[in-house]
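Visitor: Have a look at this one.
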Amino acid sequence: MDKIFMPRRRFLVHSAALGTLAASTTLLPRAGLAQSPAVITSERMRPAIAQGVMSGDVLANSAMIWSRTDRPARMLVEYAMNPAFRDSRKVRGPMALDVTDFTARLDLPGLPSGEEVYYQVRFEDASSGHALSEPVSGRFRTAPTKRKDIKFLWSGDTAGQGFGINPEWGGMKCYETMRRDNPDFFIHCGDTIYADGIIPPEIKLDDGTIWKNITTPEKSKVAETLNDFRGNHRYNLVDDNVRRFNAEVPQIWQWDDHEVTNNWSDSKDLSGDARYTEKNVPLLTARATRAFLEYAPMRWHTQDEAERVYRTIAYGPLLDVMVVDMRSYRGANSHNTQTQEGEDTAFMGNTQIEWLKRELKASKAVWKVIAADMPLGLGVPDGKDAQGRDKWEALANGVDGVPSGRELELARLLSWIKKNRIRNVVWLTADVHYTAAHYYDPAKAKFSDFDGFWEFVSGPLNAGSFGPNPKDGTFGITVMYEKAPQKQNTPPTANLQFYGEVKIDAKSAAMTVALKDLTGATLYTKSLEPRRS
């Protein structure tokens, strides 16, 4: 049948190029946002904001505000501490141009800590008429500087395995479920898009029903051009649930493989993949990185490493979130059983590992959450090498012995954490398309020079469900809970879409982690008391 296309008024598929850096935050005159506004005789004269607004990387006194328009226009932001916008302030943001795919972001400064902030984004047409868009509203809570109850969510994996936006089913429903939880923020642990995943008009399910997708030209093929990658990000923003969620829940983004192509590393070879005419993986990675940075509501790093994703988000005296990048600095996917560390065994890479050590040691927060794009002790296969040996995508290598390959890097980090008495480190991740709670127990490990710790896994948000993955005993992984499909690539209609919730109590500093499903039902909880010494 013919492909279903989103009406033009709801989804624009213009092409363009790189996102703007954080702009100056010059306060505008209180008299108004624009000078000499044009007389509007047609809605087409106004810039449009079809993709909505987002906030991200929220700190105690600042937040990133993101939006996109459909033409050259200046971003204008008005914000207040109340929904009526009494005593509001107005800030002149950057120009959105074709070289940024008409995306724009503003680092909103000087905010009060621990408060609800309401904002509106408009765009002022760059033409002489100065026509203004209709405002689009959002809100967020700034991080506290004093002890305060905290609630946040995490998950990953959006629009995978051909399961895109199905209006008949209700769209990407997990986003609406999470919005209703009213968290302080959300961590997207990667696979924010599936650039290698085609969205077909229909998928026939095993029960005989038809999954019907909205499709777009960029999602009807694998992503190769810069516009293809941008179109993958624009696609998710067609969904009403996603846009509502983005407007109300601040986000912390990281990335994994599907922002580029499945399981990519220096060993990725697309020569035999007929879907791709562009076989140059580094070039695809460069285009994908640019699109990701344009669409992620994150604060960009400085020019010494402008594409850097790993960073720390400080969230008051109870929590620091350390976002790591397990994709950009890894060696080639291999048999992963080398006995000595080197470039071929890098996973996060030595520079990032040293950064993480410094951040952990400097942290004064009770809890140190490491947001990871992959689990630590689960085997993720990646085919065979030229010698017929199993290749591995993640840290684990399927050998229940002393650390080898990429495990050497993790062993070094875990030993350092123990030696330096870094307490209350918890790992959160997604990636494997099911939900689980793991305790890494040195008493059960082949390598035991570390303090026991918890890892919680939850996803996907809107994709096929898989798992469970094989367990690697090197670090004593103990499965405390897991829920996975009986058949691989189960559709979202099976209610096996998952996310996680973390609550930290202001008085006791206890952390309670819950694994939840598409309906918001709690499947498993674990309460963790902070270790003081």
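Visitor: Can you tell me the orientation of helix 350-362 relative to the chain, as the angle in degrees between its alpha-carbon axis and the longest Cα principal axis, to the nearest 10?
Guide: Computed tilt is about 80 degrees.
Visitor: Here is a follow-up. Using only Cα atoms, what is the ratio of the radius of gyration of the chain to 2.2 N^0.38 Å?
Guide: Numbers: Rg = 22.8 Å, N = 533, 2.2 N^0.38 = 23.9 Å.
Cα Rg divided by the expected 2.2 N^0.38 Å: 0.95.
Visitor: Would you kindly derive the ³J(HN,Hα) couplings of segment 103-117 from the backbone phi angles with the Karplus curve 6.51 cos²θ - 1.76 cosθ + 1.60 (θ = phi - 60°), listing them in order in whole Hz, with x for Gly and Pro?
Guide: Ordered by residue, 3J(HN,Hα) equals 8, 8, 9, 9, 8, 7, x, x, 8, x, 6, x, 10, 7, 10 Hz.
Visitor: For segment 114-262, how big is the tail of P(r) above 24 Å, as a whole percent of Cα pairs? Present the calculation step by step, with values, prior to reporting the outcome.
Guide: Values: 4933 of 11026 pairs.
That fraction is 45 percent.
Visitor: Any idea what the dipole of the chain comes to, in debye rounded to 20, about its Cα centre with Lys/Arg Cβ at +1 and Asp/Glu Cβ at -1? Numbers along the way, then the final one.
Guide: Details: 68 positive and 68 negative charges, 345 e Å.
Dipole of the chain, to the nearest 20 debye: 1660 debye.
Visitor: Could you grab the Rg to Rh ratio for segment 94-153? Cα atoms only, Kirkwood for Rh. Walk me through the numbers on the way to the answer.
Guide: Values: Rg = 16.0 Å, Rh = 14.4 Å.
Result for segment 94-153 is an Rg/Rh of 1.11.
Visitor: What's the ranking of 324-337, 457-470, 244-257, 82-95 by average number of surrounding C-beta atoms within 10 Å, highest first?
Guide: Most protected by this proxy first, the peptides run 457-470, 244-257, 324-337, 82-95.
Visitor: What do the square roots of 5 times the Cα gyration tensor eigenvalues come to for segment 380-533, in whole Å, largest first, as semi-axes of the equivalent ellipsoid?
Guide: Numbers: eigenvalues 132, 131, 22 Å².
Each semi-axis is √(5λ); the values are 26, 26, 10 Å.
Visitor: Now a separate question. Using +1 at the C-beta of Lys and Arg and -1 at the C-beta of Asp and Glu, which of 277, 381, 352 has the Cα lying farthest in the positive direction of the dipole of segment 275-419?
Guide: The residue sitting most towards the positive pole is 352.
Visitor: Loop only by DSSP, 11 or fewer other Cβ within 10 Å of the Cβ. Give me the GluC sites (Glu not before Pro) in segment 141-230 that pass, ordered by residue number.
Guide: 168
Visitor: If you fit an axis through the alpha-carbon atoms of helix 226-236 and take the longest principal axis of the Cα set of the chain, what angle between them do you get, 0 to 90°, nearest 10?
Guide: On a 0 to 90 degree scale, this one is about 90.
Visitor: With N set to the number of residues, divide the alpha-carbon radius of gyration of segment 183-288 by 2.2 N^0.38 Å and report two decimals.
Guide: In units of the globular-protein estimate, segment 183-288 measures up at 1.19.
Visitor: Got the relative contact order for segment 429-480 handy, in percent, Cα pairs under 8 Å and 6 or more residues apart? Don't skip to the end; give the middle numbers.
Guide: Values: 105 pairs, mean separation 27.2, N = 52.
It comes to 52 percent, rounded to a whole number.
Visitor: If each residue of separation counts as 0.36 nm, what is the full-extension length gain between residue 400 and residue 444 once their alpha-carbon separation is subtracted? Intermediate results must be reported in sequence, preceding the final value.
Guide: Numbers: separation 44, 0.36 × 44 = 15.84 nm, distance 1.08 nm.
Extra length from residue 400 to residue 444 when fully extended: 14.8 nm.
Visitor: Only Cα pairs under 8 Å and at least 6 apart count here; give the relative contact order of the chain as a rounded whole percent.
Guide: Details: 1424 pairs, mean separation 75.6, N = 533.
Dividing the mean separation by the residue count of the chain yields 14 percent.
Visitor: Separate question: Please enumerate, by chain and number, the aspartates and glutamates with C-alpha under 18 Å from the C-alpha of residue 148, excluding those fewer than 8 residues away in the same chain.
Guide: 115, 116, 181, 184, 320, 501, 505, 529
Visitor: Given segment 226-293, report the % of alpha carbon pairs whose separation exceeds 20 Å.
Guide: On the way: 853 of 2278 pairs.
Counting every Cα pair in segment 226-293, those more than 20 Å apart make up 37 percent.
Visitor: Using only alpha carbon positions, build the gyration tensor of segment 227-373, then give the equivalent ellipsoid semi-axes as the square roots of 5 times its eigenvalues, largest first, whole angstrom. Each step should come with its number before you reach the end.
Guide: Numbers: eigenvalues 148, 122, 30 Å².
In descending order the semi-axes read 27, 25, 12 Å.
Visitor: Here's something else I'd like to know. Can you give me the angle between helix 281-295 and the longest principal axis of the chain, using Cα atoms only, in degrees from 0 to 90, rounded to the nearest 10?
Guide: Its long axis makes an angle of about 50 degrees.
Visitor: Something else now. Thinking of segment 341-408 as a set of Cα atoms, what percent of all their pairs are more than 14 Å apart? Spell out each step's value before the answer.
Guide: On the way: 1553 of 2278 pairs.
Here the tail beyond 14 Å accounts for 68 percent of pairs.
Visitor: According to the Cα gyration tensor, what semi-axes, each the square root of 5 times an eigenvalue, does the equivalent ellipsoid of segment 454-533 have, listed from largest to smallest in whole Å? Show your work: numbers first, answer last.
Guide: Values: eigenvalues 142, 64, 12 Å².
Each semi-axis is the square root of five times an eigenvalue, giving 27, 18, 8 Å.
Visitor: Quick check for you: with a 1.4 Å probe and neighbouring chains kept, what is the accessible area per residue of the chain, in Å²?
Guide: Working: 20350 Å² over 533 residues.
Here the residues of the chain average 38 Å² of exposed surface.
Visitor: Hey, with R₀ at 41 Å, roughly what FRET efficiency would residue 126 and residue 169 work out to, going by the Cβ-Cβ distance, to 0.05?
Guide: Working: r = 40 Å, r/R0 = 0.97.
So, using R0 = 41 Å, E works out to roughly 0.55.
Visitor: A further question on this structure: Roughly what would the spin-label model give for residue 519 and residue 488, points 7 Å off Cα along C-beta, in nm?
Guide: So the label points at residue 519 and residue 488 sit 2.9 nm apart.
Visitor: Separation between the residue 507 and residue 286 pseudo-spin-labels, each 7 Å from Cα along Cα→Cβ, expressed in nm?
Guide: Distance between label points: 5.8 nm.
Visitor: I would also like to ask the following. Report, to the nearest whole %, how much of the accessible area of the chain belongs to carbon and sulfur atoms, 1.4 Å probe, protein only.
Guide: Numbers: 10170 of 20350 Å².
Reported share for carbon and sulfur atoms: 50 percent.
The values are calculated or read from the model by the stated rules, or taken from the named source; none is laboratory data. Not measured: the values here are computed from a predicted model. In this analysis, Cβ positions are derived from the backbone assuming ideal geometry, glycine residues included, and neighbour counts consider all displayed protein chains. Accessible surface areas use protein heavy atoms only, side chains included; no ligands, DNA or RNA. Shrake-Rupley method; radii C 1.70, N 1.55, O 1.52, S 1.80 Å.
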